Amino acid sequence: MTFGCGFVPIELLRTRAAWPLVTFGSRRRSRRTAPVAALGYNLPSEVMSSSRYALVTYVRPPVGQFVEKLRRELHPVTAHMAAHLTILPPRALRGTEEAALEFLEEACSRVVPFDIELGEVETFLPTTPTVFIQVTRAAYRMRELHDQLSANGLHCDEEWPYVPHLTIVKTALDQQARDASVIARERWSQFQGSRLIHVDELMFVRENCDAWQDVAPVPLGRSLLSSRP
């Protein structure tokens, strides 16, 4: 798989083999610190410097279920991917995992949860063979969040401009993406559910070999709630 620090989405793998507390793609909360024996590290801050991290928000049903089912049909090799919106594409940390997570928790605690609305099916051809659904309404909120959080130890000189979107599939060949986009447009036009997605929690994820693991959930607006009378 190829990742970049731009608009190319993360291909997140649902794997639980590496550590039992990983709950990738589920709504169960994962703990911040993984068992030492499972990861082979002494402390969360001692994760290998070669590890990359990203920030996403998982997409709940009905949209999430629709995208995952369509992905299984169009490109079964990526059927394990959880439906998600990427806030920060993959990047190396400039500091420790613990410091990055503390920064995210503090910054996101002041962000008001928001809704986005999905538009039509498009592709990133000829740049990458990626088929995706546009974010139309409130896309600016995702861009603002991206710009706010791409700072301190999470800053990255991204290769591509940040484009809010929901990936359906990323193929190996351009023609596969063209073929997939035709089917995806037809299926999406028949989708009867709500196209609104409520964003109230992000997930900090870490790349581990060929898989992505949940590190910790990062809720939005926590300090705003606690300050209410």
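The values are calculated or read from the model by the stated rules, or taken from the named source; none is laboratory data. Bear in mind the structure is a predicted one, so any value in this text is a computation, not a measurement. Every residue, glycine among them, receives a Cβ derived from its backbone with ideal geometry; neighbour counts consider all protein chains shown.
Name the residue, out of Arg60, Arg91, Arg141, Arg72, that is of a type outside the set (A, V, I, L, M), closer than 25 Å to Leu220 by Cβ and surrounded by fewer than 17 Cβ atoms within 10 Å (Cβ to Cβ).
Every option except Arg60 fails the conditions.
What are the residues in segment 164-187 that are touching a residue at least 60 places away in the same chain (Cβ under 8 Å) and either surrounded by fewer than 19 Cβ atoms within 10 Å (Cβ to Cβ) or more than 22 Å from the chain's Cα centre (by Cα) (or both), if any?
Within segment 164-187, the first condition is being touching a residue at least 60 places away in the same chain (Cβ under 8 Å), and the residues that meet it are 164-171, 176, 180-181, 183-185, 187.
Gln176, Ile183, Arg185, Arg187, listed by residue number.
If you check every pair at least six apart or on different chains, which have Cβ atoms under 8 Å apart with a residue in segment 45-73 that is more than 15 Å from His198 (Cα to Cα) and hydrophobic (A, V, I, L, M, F, W, C) first and a residue that is modelled with pLDDT under 95 and part of a strand (DSSP E or B) second?
That search, which allows pairs on different chains as well, returns Ala54/Glu207; Ala54/Trp212.
Of the residues that sit in segment 197-228 and are among the acidic types (Asp, Glu) and surrounded by fewer than 16 Cβ atoms within 10 Å (Cβ to Cβ), which one is modelled with the lowest pLDDT?
Just the residues of segment 197-228 that are among the acidic types (Asp, Glu), to begin with: 200-201, 207, 210, 214.
From what is left, the residues that are surrounded by fewer than 16 Cβ atoms within 10 Å (Cβ to Cβ) are 200, 210.
Working: Asp200: 97, Asp210: 76.
Within segment 197-228, the match that is modelled with the lowest pLDDT is Asp210.
State all residues of segment 103-121 that are among the acidic types (Asp, Glu) and surrounded by 17 or more Cβ atoms within 10 Å (Cβ to Cβ); if no residue qualifies, say none.
Step one: filter segment 103-121 for residues among the acidic types (Asp, Glu), giving 105-106, 115, 117, 120.
Passing the criteria: only Glu105.
Tally up the residues in segment 75-88 that are surrounded by fewer than 20 Cβ atoms within 10 Å (Cβ to Cβ) and either within 16 Å of the chain's Cα centre (by Cα) or hydrophobic (A, V, I, L, M, F, W, C) (or both), please.
Going residue by residue through segment 75-88, those that are surrounded by fewer than 20 Cβ atoms within 10 Å (Cβ to Cβ) are 75-80.
With either within 16 Å of the chain's Cα centre (by Cα) or hydrophobic (A, V, I, L, M, F, W, C) (or both) added as a condition, the list becomes 77-80.
Residues that pass the stated criteria total 4.
Go through the residues of segment 188-196 one by one and say whether even a single one is modelled with pLDDT of 95 or more, assigned to a strand (DSSP E or B) and under 20 Å from the mean Cα position of the chain (by Cα). Please lay out each step first, then the result.
Residues of segment 188-196 modelled with pLDDT of 95 or more: 188-196.
Keeping just the survivors that are assigned to a strand (DSSP E or B) gives 196.
Filter again for under 20 Å from the mean Cα position of the chain (by Cα), leaving 196.
Checked against the condition, which is being modelled with pLDDT of 95 or more, assigned to a strand (DSSP E or B) and under 20 Å from the mean Cα position of the chain (by Cα), segment 188-196 yields at least one hit.
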